[in-house]
Amino acid sequence: MKLKHWIIFILLGAIWSSSFMWIKIALQEVGPNMLVAFRALFGLLFGIVVIFIQRVQWPRTIRAWFPLLLLGLTNVAIPFFLISWGEQSIDSAVASILDATVPLFTILIAHYLLHDDKITLPKVLGLLIGFAGVVVLMSKDLLNASTNSVLGQAAVILASAFYAVSSVYVRKTTEDTPGILRSAVPLISASAVMWLATFLFEQPVEMPQLGITWVALLWLGIFGSGLAFVMAYYLIHEIGPTRTTMVTYLFPLGGVILGVTFLNEQLTWQLVTGAILIIMSLAVANWEPRERQVSERRRVTSS
């Protein structure tokens, strides 16, 4: 990973680490269907504005449209709904840990479907160390957890599986697609499906009244979807799905750091130990033997 990859990776982690908090805020007034519908809609509007500013050409064939619209279901509508629905009955600490299973699913799927993202010892060690760091980081909240239904936990795990499959699918099918189209086009199908679900299953349909709810929905749409997907899809093509999905390890770390910094929460040994393990995991997963680095440089030079 180059410096630009690390910068985007950290920014993506910072944006997405706050999503669980904004979801909790929005769910105080709206249901999971409307939450995801507005999130997809605001993300789509952001993408359309960028497309017109950059004068990017829309896809011209069904073959180009199909994988992007399918991603709107597998990487946006379904997992967004599952997480939002699950967070109604489980604590955010539990949701953070379950969401951190994404790279564990991804490394297995990518190994069999991608030629350049195989299982290696550094990757496996990095993933296991990082997951352990997440568990340590959130252990205090886990012990105090009170409302954690099995169905809620299963929903978040299923969402993680959808994210893993989608990240590999993105790598295989959208290599030549402009980044903003990878982000915006899936939000078309996601918006259509989730607004249909809202009007079918949420009766009566009432618009949010609280300002903080609109702030949460705008944040989740513009930053958590529109901008974040541009960065995530870029990283998937640059550094591979397995390393990219390790950004989920930053979610609980970012949340706890924000709490200590702005909410005067206590700095605990769990935070220090968990942070060290997560940072260590990223270093281990991205380590390559010197011989491999030299051979890769020679290959690039010769080509």
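One table, with the values for the structure above:
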{"read-out": "Qualifying residue in the range 106-127 (condition: open to solvent by 50 Å² or more (accessible area, probe 1.4 Å), out of contact with any His (no Cβ under 7 Å at 6 or more places or on another chain) and hydroxyl-bearing (Ser, Thr, Tyr))", "value": "yes"}
{"read-out": "Residue check, Thr174 open to solvent by less than 50 Å² (accessible area, probe 1.4 Å) and closer than 22 Å to Glu87 by Cα", "value": "no"}
{"read-out": "Breaking point among (1) under 16 Å from Thr173 (Cα atoms); (2) open to solvent by 40 Å² or more (accessible area, probe 1.4 Å), for Gln88", "value": "(1)"}
{"read-out": "Filter pass, Leu217 being open to solvent by 70 Å² or more (accessible area, probe 1.4 Å) and out of contact with any Gly (no Cβ under 8 Å at 6 or more places or on another chain)", "value": "no"}
{"read-out": "The range 266-297: number of residues that are among the acidic types (Asp, Glu) and either at pLDDT 80 or above or open to solvent by 90 Å² or more (accessible area, probe 1.4 Å) (or both)", "value": "1"}
{"read-out": "Selection count where residues are farther than 22 Å from Ile78 by Cα, free of Cβ contacts under 8 Å to residues at least 60 places away in the same chain and of a type outside the set (Lys, Arg), scope the range 19-56", "value": "3"}
{"read-out": "Search result, residues across the range 15-40 that are out of contact with any Gly (no Cβ under 9 Å at 6 or more places or on another chain), small (Gly, Ala, Ser) and surrounded by fewer than 23 Cβ atoms within 10 Å (Cβ to Cβ)", "value": "Gly31"}
{"read-out": "Restricting the range 62-82 to residues that are open to solvent by 10 Å² or more (accessible area, probe 1.4 Å) and more than 16 Å from Ile188 (Cβ to Cβ), the residue that is farthest from the chain's Cα centre (by Cα)", "value": "Arg63"}
{"read-out": "Hits in the range 196-210 - residues which are open to solvent by less than 50 Å² (accessible area, probe 1.4 Å) and part of a helix (DSSP H, G or I)", "value": "Ala197, Thr198"}
{"read-out": "Tally, over the range 177-223, of residues that are among the small types (Gly, Ala, Ser) and under 17 Å from Ile51 (Cβ atoms)", "value": "7"}
{"read-out": "Looking only at the range 167-216, and only at residues there that are free of Cβ contacts under 8 Å to residues at least 24 places away in the same chain and not aliphatic (A, V, I, L, M), the one that is farthest from Gln28 (Cα to Cα)", "value": "Asp176"}
{"read-out": "Residue within the range 1-12 that is over 26 Å from Ile239 (Cα atoms) and either surrounded by 22 or more Cβ atoms within 10 Å (Cβ to Cβ) or out of contact with any strand residue (DSSP E or B) (no Cβ under 8 Å at 6 or more places or on another chain) (or both) present", "value": "no"}
{"read-out": "Conditions (1) among the small types (Gly, Ala, Ser); (2) surrounded by 16 or more Cβ atoms within 10 Å (Cβ to Cβ); (3) over 27 Å from Thr101 (Cα atoms): number failed by Gly179", "value": "(3)"}
{"read-out": "Selection from the range 41-53 of residues that are surrounded by 11 or more Cβ atoms within 10 Å (Cβ to Cβ) and either touching a Leu at 6+ places or on another chain (Cβ under 7 Å) or more than 16 Å from Met207 (Cβ to Cβ) (or both)", "value": "Phe42, Gly43, Leu44, Leu45, Phe46, Gly47, Ile48, Val49, Val50, Ile51"}
{"read-out": "Residue in the range 59-69 that is part of a loop (DSSP other than H, G, I, E, B) and either β-branched (Val, Ile, Thr) or within 16 Å of Ala164 (Cβ to Cβ) (or both) present", "value": "yes"}
{"read-out": "Only one of Pro59, Pro79, Pro67, Pro103 that is farther than 18 Å from Ala159 by Cβ, touching a Leu at 6+ places or on another chain (Cβ under 9 Å) and not polar (S, T, N, Q)", "value": "Pro59"}
{"read-out": "Residues being in a loop (DSSP other than H, G, I, E, B) and modelled with pLDDT of 80 or more - total across the range 128-151", "value": "0"}
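The values are calculated or read from the model by the stated rules, or taken from the named source; none is laboratory data. Just so it is clear, the model here is predicted, and its values are computed rather than measured. Note that we place each Cβ from the backbone using ideal geometry, even for glycine, and neighbour counts take in every protein chain shown. These accessible areas exclude ligands, DNA and RNA; they are computed on the full protein's heavy atoms, side chains included. Shrake-Rupley method; radii C 1.70, N 1.55, O 1.52, S 1.80 Å.
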